[in-house]
Amino acid sequence: MLAASLALLVAAPAHAEILRIEPGVYSVIQEPSLPVRGQHQSHVVARHGPPVQRHSTVGGNRPLHPPITRWDYDGFSVVFEGPLVLHSVVHGPHTPQQR
């Protein structure tokens, strides 16, 4: 039974949910191509290539402050806690741009 449950977890397709927020309109959209929570950094690089920019890690100096890193790609960013995906964020018209 446990083996069958684990097989389902491994075989389940990965997807990400996108929360769209417009004034007065809120919706969640599933996006199968984005990295999902729990994926390893090596999996993200294998699927999407190297990021356009890797931001410096913050935190990690205490147990309650885990290391958080952000990688930027064209059109989306990935936030990691340690080596694992925490969130994927799709860039929109109000996304701040690096200068």
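Key figures
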{"quantity": "Placed amide H near Glu31: partners under 5 Å, 5+ positions off or other chain", "calculated": "Ala16, Glu17, Ile18"}
{"quantity": "Whole-Å semi-axes of the ellipsoid equivalent to region 36-93 (Cα gyration tensor, √5λ, descending)", "calculated": "20, 13, 10"}
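All of the numbers you see were taken from the coordinates with simple rules; none came from a lab. As the structure is a prediction and not an experimental result, all values here were calculated from the model.
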